[in-house]
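Step one of this worksheet: look at the structure below.
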Amino acid sequence: MRKVFHFDSPAAPYVADAAVLCCFDHRIGTAVRKFLKKQNIERADMIVVAGGAKTLASPRNDFEQDFILEQVRMSIRLHQTRRVLVMSHSDCATYGGLAHFKGDAAAEAAHHRSELLRAAALLTTNFPGISVEPYFVNFDGISEVLSAEHAEATPQNPTATVGDIA
Ligand SMILES: [Zn+2]
């Protein structure tokens with residue numbers, strides 16, 4: 001091998017602050033990174049794949065869902081992960097973008113909410129004892145997806161804003 005880049009990386013083993021499943025869409029990358037920093041998540045096992053939570057909620061095939069569950073399993077086993085953040089985002093191409101919802105951001109958010117809750121339920125079923133947090137990323141921030149009980153009280157507001165993440 002021929003060294004082409006020098007950089008000193010921390011070599012010590014680590015316990016992951018969280019595993020994070022999110023889409024590879026470059027547009028949301030900075031928001032996700034800043035949000036993780038604000039959450040004091042410094043050591044994250046990033047599972048970055050097209051669609052993010054969709055790979056669990058509405059997988060294209062059996063392989064996709066199993067593969068992602070195995071990635072979470074490995075994070076738990078190798079890095080003692082106790083917390084999993086599962087994310088999807090507005091205008092995600094794997095859902096046909098915002099255009100699939102005819103530009104209706106509220107309809108899109110409602111659909112993603114159900115997807116995120118399904119993904120979270122799958123993770124909770126597979127990994128009891130792990131804290132699972134579903135989040136929806138759009139172009140002005142990140143929203144926490146509330147539980148079904150809470151959402152029933154405020155059906156016009158499918159998500160709750162976590163706060164300024166800038
Ligand atoms: Zn996407």
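The numbers here are math on the coordinates, done by the rules we state, and not lab data. What you see is a predicted model, and the numbers here were worked out from it, not measured in a lab. Neighbour counts are summed over all protein chains in view; Cβ atoms, including those assigned to glycine, are modelled from backbone coordinates with ideal geometry.
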For this session: Please work out which one of (1) surrounded by fewer than 20 Cβ atoms within 10 Å (Cβ to Cβ); (2) within 22 Å of PHE35 (Cβ to Cβ) is the condition LYS102 fails and give its number.
Result: (2)
Problem set entry | Meets criteria (closer than 22 Å to HIS111 by Cα and either part of a helix (DSSP H, G or I) or more than 16 Å from the ligand (Cβ to nearest atom) (or both)) for ILE76 | no
Problem set entry | Answer residue from the range 122-143, given it is of a type in the set (Gly, Ala, Ser) and surrounded by fewer than 21 Cβ atoms within 10 Å (Cβ to Cβ) and is nearest to the ligand (Cβ to nearest atom) among those | GLY141
Exercise. When you scan the range 19-45, how many residues do you find that are in contact (Cβ under 8 Å) with a residue 12 or more places away in the chain, within 16 Å of the ligand (Cβ to nearest atom) and among the small types (Gly, Ala, Ser)?
Worked result: 1
Seminar exercise, completed: Checked PHE63, PHE35 against criteria (more than 26 Å from ALA109 (Cα to Cα) and out of contact with any His (no Cβ under 9 Å at 6 or more places or on another chain)); the one match is PHE63
Exercise. Of ALA93, ALA106, ALA119, which residue is among the hydrophobic types (A, V, I, L, M, F, W, C) and more than 16 Å from the ligand (Cβ to nearest atom)?
Worked result: ALA106
Exercise. Just checking, how many residues over the range 46-68 are away from the ligand (no atom under 14 Å from the Cβ), closer than 25 Å to ALA16 by Cα and in a loop (DSSP other than H, G, I, E, B)?
Worked result: 0
